Amino acid sequence: MLVEIEAATTRNIGEVLTRLGASLVEDGALDQRTLDRARRVAAETGGRLDRILTQLGIVSERALAEALARLLAIALVSAPQYPEAPLFVDRLKAKFLRRARAMPIAAGEFFDNALGDAICDDPVTLAMADPLDFFTRDAVAAALGRPVVAAVAVPVEFDAAFERLYAEPADGEVLGLDDGAVFDSEPGEEDTERLKDLASEAPVIRLVNQLIARAVETHASDVHLEPFPDRLRVRYRYDGVLHEVEPPPARLQAAVISRIKIMARLDIAERRLPQDGRIRLTVRGHDVDFRVSTIPSLHGETVVLRVLDRTAVAFDYDRLGFPLDIRSGIERCLDLPNGMVLVTGPTGSGKTTTLYTGLLRLNTVARKIVTVEDPIEYQLSGINQIQVKPQIGLNFASLLRSILRQDPDVIMIGEIRDLETAQIAVQAALTGHLVLSTLHTNSAAATVTRLRDMGLEDYLLNATLKGVLAQRLVRRLCPVCKVTEAAPPALIERFGLARLATAPGIAISHAKGCAECRGTGFRGRRAIGELLLPSRTVDRLIFERADDMTIERAAVADGMRPLFDSGLIAVLEGDTTIEEVVRCIRSEA
């Protein structure tokens, strides 16, 4: 009889998975050819189709969870729906729930009648990473003596909630760290060995893997781990803004940081000096790089992981958000045989992404392209990328001298930081090379004065500078929940929106917040910029050592659109808000 029940269950799962594949194709999540390939892999390995789809990175865990919820007509659990405290801890063991990746998240009132029989008003809602696990559903129902209703959980959100609710290690998992354990700033050999053992424990490995997987799954750009006396604060950066998430147990602070350092091949015994490393992992079926930086702080080491996910970055000017006039201007600069093209802006404004996009456009068999970077963020096929190593004297200037003897056509310099690097870059541009680089200035015109302050002669700037793009990244409004309404007359007059509008009615959009955008009202970012293409007037002003404001006025008169106006156009297009433009440019109209 048991064999018949198991066979019936297996057939049911097979039918569900068949319908799931067809549903994903119908929704456009994948095409039929990809589905057939995943089915072949599942047949060859004996794995389930849904697991193969996520392991190969074909479908994200969230998309799969949403598809299963629709297919099975059951609820999809969102992060706020997880309880503040674990339920039924006296009847359900954490070890069992962890293994089954299920947990009760809601229950109706429970009464006992005169005979002591249990009566249920409402069933127990069971969040399940695998809603097709009928055995776990039945086992929980039997243990609680009441009906169970399954709900689909997004695995990364489930794991984070589980670690918060069931912080104590499961039976048999001993962490070996006392709550009051404190390590000296100069650890001995015993403490180092203890940290290694601690970081190798299964719960710590699982916790760090969950932190990393959640960052990739939710498209975070950075993960910040900051130690404090009573907790290890964890924050993810989404669209340029930090958001705090549920922290791991405070007693695991040293273990979590040590685990990340081991993964990045850093010295875990060294906690007095900053260290930099790199981690390469396969997350959700595709390779992701993480740049790791550690710095000693008052209560321990602060760790930042920069997520370098090639699949989440668009190396395309259209998708970056640049308007047609700026795109065509950049492309004209890149088509020049020689000269210097610069991209400016603060840290995190997308300068490297813009340069990478240009390099990929230039990347042909007929051109030799060499980059000098610190660090190399993304590996580009067909392009020679070199990492600077200041500790051995391999800096931008020394590398550039050697690169010029390699007969390159295009050179990209990660950043012009000093006069020596600037002089070599200018000499390279004068001798027939196209030089691309970045600089930290607030506007395109300020680039001239910045290079002048470094010590470059004005006649060299006139001869080599072909274009300067100043850019910022503004958050895009969530297309699902944004609210659009007519702009108030006072706002139109204050920001001069009428001169930029292309339609008679001026409407602007506002952020609202929904589950799709984590309640922020924004999802993704776009670039805004101003492109300075030196004209004869601008060249004359540069030679006359005019200040940046004079150069900017002349460039605007020649047709350059100021950075703030580019932001306002993005507002009129319904892509962002005026508040966001002001925040990013830090300017008042």
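The values are calculated or read from the model by the stated rules, or taken from the named source; none is laboratory data. As the structure is a prediction and not an experimental result, all values here were calculated from the model. Cβ coordinates were reconstructed from backbone atoms using ideal geometry, including for glycine residues, and neighbour counts include every protein chain displayed. Surface areas here come from the heavy atoms of the whole protein model, side chains and all, with no ligands, DNA or RNA. Shrake-Rupley method; radii C 1.70, N 1.55, O 1.52, S 1.80 Å.
Calculate what fraction, in whole %, of the accessible area of segment 529-585 sits on carbon and sulfur atoms when a 1.4 Å probe is rolled over the protein chains. Kindly include the intermediate steps, with their values, before the conclusion.
On the way: 1310 of 2570 Å².
About 51 percent, which is the carbon plus sulfur part of the accessible surface.
Hey, what's the chain come to in accessible area per residue, 1.4 Å probe, Å²? Write down the numbers at each step before the final one.
Details: 28440 Å² over 589 residues.
Per-residue value: 48 Å².
Checking every one of the trypsin sites (Lys or Arg not before Pro) in segment 382-452 against DSSP loop status and a limit of 11 other Cβ atoms within 10 Å picks out Arg405.
Among 321-330, 208-217, the peptide with the highest mean count of other Cβ atoms within 10 Å heads the list, and the full ranking is 208-217, 321-330. What the phi angles of segment 467-480 give under the Karplus curve with 6.51, -1.76 and 1.60, with θ = phi - 60°, is a coupling list of x, 10, 10, 9, 9, 9, 10, 10, 6, 8, 5, 5, x, 7 Hz, glycine and proline written as x. Using the average count of surrounding beta-carbon atoms within 10 Å as a protection proxy, the listed peptides 72-79, 571-578 rank, highest first, as 571-578, 72-79. The C-alpha atoms of the chain define a longest principal axis, and helix 155-165 lies at about 70 degrees to it. Taken about its Cα centre, segment 246-302 carries a charge dipole of roughly 100 debye when the Cβ of each Lys and Arg holds +1 and the Cβ of each Asp and Glu holds -1.
Arrange the peptides 232-240, 362-370, 421-429 so that the one whose residues have, on average, the most other Cβ atoms within 10 Å appears first.
On the way: 232-240: 19.6, 362-370: 13.8, 421-429: 21.4.
Answer by packing, highest mean first, reads 421-429, 232-240, 362-370.
Among the trypsin sites (Lys or Arg not before Pro) within segment 522-589, those in coil by DSSP and having at most 13 neighbouring Cβ atoms inside 10 Å are Arg545, Arg586. Between the alpha-carbon centres of segment 146-164 and segment 389-455 there is a gap of 52 Å.
Over 27 Å between Cα atoms, which of Lys351/Lys512; Lys389/Lys466; Lys93/Lys261; Lys95/Lys196 qualify?
Working: Lys351/Lys512 29 Å; Lys389/Lys466 30 Å; Lys93/Lys261 32 Å; Lys95/Lys196 24 Å.
Checking Cα-Cα distances, Lys351/Lys512; Lys389/Lys466; Lys93/Lys261 exceed 27 Å.
Reported to the nearest whole Å, the Cα centre-to-centre distance from segment 299-344 to segment 483-528 is 25.
Here the dipole of the chain is about 1540 debye; that uses its Cα centre as origin and unit charges on the Cβ of Lys and Arg (positive) and Asp and Glu (negative).
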